[in-house]
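Single-structure report; data block below.
What follows is calculated from the coordinates using simple rules that are stated; it is not laboratory data. Note that the structure is a prediction, hence the values are computed from the model and not measured. Cβ coordinates were reconstructed from backbone atoms using ideal geometry, including for glycine residues, and neighbour counts include every protein chain displayed.
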Amino acid sequence: MTFHDAATRDFPLFSTDACIKCNVCNTVCPVSRVTDAFPGPKYVGPQAQRFRGPSGSPRSPDHSVDLCSGCGICTRACPAGVLIAETNNRARAAIVADRGSSIRNRLISDTDLLIRLGSNPLAPLANLGLRSRPLRWIGERVLGIHRRGPLAPFSRRTFGSWWRKRRGATAAPPGADAARTIVYFHGCAVNGFEPDLGRDAVEILERNGFTVIVPRQECCGLPFISNGLYENARRKARANISSLAELARAGYRIVGTSTSCTHALKAEYREMLDLADDDARAVADATWDICELLVDLHDRGELDVELGPIAEPLPYHPPCQLKSHGIGTPAMDLFALVPGLRAVDSDHDCCGAAGTYGLKAERWQIAQDVGAPLFAKVRASGAARAACDSETCRWQIEQSSGVPTVHPITILAESYRRADADRGRTWRRVV
Amino acid sequence: MPFPMRSFETMPRADVVVIGAGLAGLACAAELAESGARVFLAAKGMATTHWTHGGLDVAAPAGSLTPRVGVRVLAAEAGHPYARVHAEVDGAVEAHRARLGRVGHLLVGSLDSPHTPIPTALGSLRPASILPSAQAAAAAPWADDGLLLIGFAGFRDAWPAYAARNLGAVEWPGGPRRISHAEVVLPGLERLKNLNARSLAVLFDDGAWRAEALGAIRRAVPPGAWRIGLPAVLGIADHARAHADVEEATGHRAFEIPSLPPSVPGVRLFDALRRTILDSGGRVQVGFDVVDVERNGQRIVAVHTEAAARTLRLAADAFVLATGGIGGTGIRGNPDGSLHERVFGLPVEAPPRAAWFSDDPLTPHPLESVGIRVDAELHPLDPAGQVAYENVRVIGSALAGMHYLEQRCGDGVALASAHRAARSLATERLAA
């Protein structure tokens, strides 16, 4: 390893000096593939970085960097090791720090607030609003949230309230075996929109012999990071780190079902938010994507592989944030264990949603164009459903292809239950 | 320590891990996957395919009339990679041609096609004999037809007027008698500010837009007999049809001239080879930088690639090093003037630092030829000349002893060494 390799993850901007202007990043960027308004990663990244000054001076020669969706494909394609997407994200944050942010961006980034407002017994009312064309039209005009932007309906009960009702552990029980206990990081999507996914995850982890604990947690902060609101993101990050660091140091693994949240905990707290102290590193090192964990179990011969048949085709889209984990496509490995399941990797760069990007009125069309070949592939597969590990990508694919899209864990949980049914038994679910 | 010892492993376990996604790594992974091996190709990034012209530079040292003769000349040089693998060239080139043909990517020309001067984007000439079909017309004999260089308004990586002027000034044996140029305004492009080769190629993939563009191109061709040279941007996914459409619409033969990077023919080549690996059940992962290696005596047990917060452990029976030389960043310089091979830390003989500099920028650079010394089976050798790792093969421009720019032998060495490595590993598997 060279000095350069070691330095870049803590100091992404240093890496821009390694750019040799080869243009590889410009051949893989999904945004510049569909819009001329975005000059491409090379120009807004390492090229423009040379002209960006410290606070108070002009932060960017060109604000087109704000069109970067943050998918990270450029960083992975770069042969010189430049952290291009990370550079772009920091450039956006610098612009936001100087010029402020829109109410819209602050609102759609504050998922904890949205869930407090929407995920409660009044959820049906909120969802009626989300489905109402006139209200969505007003939302687009007043707030700039596209009327057809993919928004999931609020759940009537949050995952947190289910967990409390279940009397699930929020701290490590005395004498707990750290190796057999999982700290579940549900993220805001499971909490407010898809609590069933969280229940499936808990069921699978318990079935494989783990005790699950769900400590106090907030949104990982990624929506704030993506919108350049680093101070808000740091508040979220610090709250999570202080809640999780001790468990991480005691050897507990932190497992998430959202590849976006887990990537924020693993990498973005350090690369974007400069949170690289011992606590932050302990949390990063302890964090696992759930499919990554299950494949790891399988490699050790510890995964329960009594899986029942699901004889159907399944288009699977590995989301960009998963690719940034650098762990390949563990969901595909798990699908291979399900008898009859014919999972096919979408082999498409990006669905376009990129978190909150595809919601914005002025970005919606770009996001649709980026994902269009994927939506066509999913539709052409004739499959009854598709799978994807990240929530906003799922919502985008589902809305734009018309094909219901689930997390790989949903498929796996179903396969386990199928095996139970075939053997005439039921997995005792504590409700 | 940025990479904790904790690691994660994919399943199923690979038989062979190929490191590097240039022509050598892609071709080797494809051949191994076709032979039934479970292959995992891990690459730090996308690479040299995207910088090259998409044809094959097999061997064109001074004085060689054909690639076959060129290979013979270079194979006689002590220490040249061809001294080891020249016998593989025929089989490797034909395997490459067949492999690409299966995904609709045709190569024209052979090892016996004479090196023919064809124009570059800057208006110089380069010797070529094996070309992608869309570039092949450049090498056909010139008769009465003149060369018409077409550029696209707003596209800054190809300057037909400049190229035409330069071509008029160079000695071009057997070249066209007339050279002209024209600039075409393509539909809708006047509103665009960020045209690059890839964005134009994406437009050419769109049938409806292409039909309009063909009309504009046709109108730019003056009366007379012409052969048309265009920037190599005629589609990515639908490139064969786009090229045929240009010839049909203009009524003239047309050829693509690779532009400044990014090279669209290179992107097509990468896509085609990646596709063949995936179709044969192999895996290709880009952005997987090897940061750690597990050794057991003379064997490599596993490599670890950088992953968020941990490493990905890739264990395999064998490993193929295809990470390139200095240019491909497989070999790096140290501040003290020594060199190191980046993945396995293999010994690299470096010329003394004083010899790195020359008054003539156009002579072959001494660092271009540094690389890994190997035996006949392409095992890396230690300084004593003994096999350093028995389950490692080294291929492509990571090999020592060639000046691939001057000798124009990089593609041929890549394919021939990839072929030798794949065959050597297949034999080993059968024996095991």
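Listed values, structure above:
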{"read-out": "Distance between modelled label sites at B:R299 and A:E246, nm, 7 Å Cα→Cβ extension", "value": "4.7 nm"}
{"read-out": "Amide N proximity, the stretch A:301-342 versus B:R13 label position 7 Å along Cα-to-Cβ, cut-off under 17 Å", "value": "A:301-303"}
{"read-out": "Unit charges at the beta carbon, dipole of the protein assembly as shown: most positive-side option, B:N391, A:G192, B:P261", "value": "A:G192"}
{"read-out": "Residue of B:A316, B:A308, B:A376 that the Gaussian network model of chain B assigns the largest fluctuation, springs spanning Cα pairs under 10 Å", "value": "B:A308"}
{"read-out": "FRET efficiency for B:A216 and A:R141, using Cβ-Cβ distance with R0 set to 41 Å, rounded to 0.05", "value": "0.55"}
{"read-out": "Estimated dipole of the stretch A:100-222 in Debye, rounded to 20 [Cβ of Lys and Arg +1, of Asp and Glu -1, Cα centre]", "value": "560 debye"}
{"read-out": "Contact order relative to length of chain A, as percent, for alpha carbon pairs under 8 angstrom and 6 or more apart", "value": "15 percent"}
{"read-out": "With Cα atoms, 0 to 90° folded angle of helix B:239-250 axis to chain B main axis", "value": "10 degrees"}
{"read-out": "Inter-chain Cβ neighbour average for residues A:29-35, partner chain, 10 Å", "value": "2"}
{"read-out": "Shielding by other protein chains, B:307-318, mean Cβ within 10 Å", "value": "5"}
{"read-out": "Translational diffusion of the stretch A:313-421, µm² s⁻¹ [Kirkwood Rh, Cα pairs; Stokes-Einstein; 10 °C; 1.306 mPa s]", "value": "113 µm²/s"}
{"read-out": "Dipole magnitude of the protein assembly as shown about its Cα centre (Cβ charges: Lys, Arg +1; Asp, Glu -1), debye to nearest 20", "value": "2720 debye"}
{"read-out": "Efficiency of FRET from Cβ geometry, B:W142 and A:D274, R₀ 56 Å, rounded to 0.05", "value": "0.35"}
{"read-out": "Distance between modelled label sites at A:A178 and B:A376, nm, 7 Å Cα→Cβ extension", "value": "5.6 nm"}
{"read-out": "Choice from A:L244, A:L122, A:L314 with maximal GNM fluctuation in chain A (Cα, 10 Å cutoff)", "value": "A:L122"}
{"read-out": "Added length on full extension, which subtracts the Cα-Cα distance from 0.36 nm per residue, B:L278 to B:S35", "value": "86.2 nm"}
{"read-out": "Where the Cα pairs of the protein assembly as shown fall when distances are cut into 10 Å bins, in %", "value": "2, 12, 21, 24, 20, 12, 6, 2, 0, 0"}
{"read-out": "Rounded, prolate or oblate (a/c below 1.5 giving rounded, otherwise prolate when a/b exceeds b/c) for the stretch A:3-99 by Cα gyration tensor", "value": "oblate"}
{"read-out": "Shielding by other protein chains, B:45-53, mean Cβ within 10 Å", "value": "5"}
{"read-out": "Label-point gap, in nm, between A:R133 and B:E190 - each point 7 angstrom along Cα→Cβ", "value": "3.8 nm"}
{"read-out": "Structure-based [θ]222 nm, chain B - -39500 (n - 2.57) summed over DSSP H runs of at least 4, per residue, nearest 500", "value": "-9000 deg cm²/dmol"}
{"read-out": "Per-residue [θ]222 nm for chain A (sum of -39500 (n - 2.57) over DSSP H runs n ≥ 4, rounded to 500)", "value": "-13500 deg cm²/dmol"}
{"read-out": "Neighbour cut-off at most 16 other Cβ (10 Å), DSSP loop, chymotrypsin sites (Phe, Trp or Tyr not before Pro), the stretch B:278-383", "value": "B:F357"}
{"read-out": "Size of charge dipole - chain A - debye, nearest 20, with Cβ of Lys, Arg +1 and Asp, Glu -1, no other charges", "value": "1460 debye"}
{"read-out": "Efficiency of FRET between B:E406 and B:A153 - r from beta-carbon atoms, R0 41 angstrom, step 0.05", "value": "0.70"}
{"read-out": "Full-stretch length increase - B:E248, B:A62 - with 0.36 nm per residue and alpha-carbon distance subtracted", "value": "63.2 nm"}
{"read-out": "Aspartates and glutamates whose Cα lies under 15 Å from that of A:K165, excluding same-chain neighbours fewer than 8 positions away", "value": "A:D196"}
{"read-out": "Choice from A:A353, A:A94, A:A264 showing the highest fluctuation, given a GNM over chain A with Cα pairs closer than 10 Å", "value": "A:A94"}
{"read-out": "Sorted peptide list for A:36-46, B:221-231, criterion being average Cβ within 10 angstrom, highest first", "value": "A:36-46, B:221-231"}
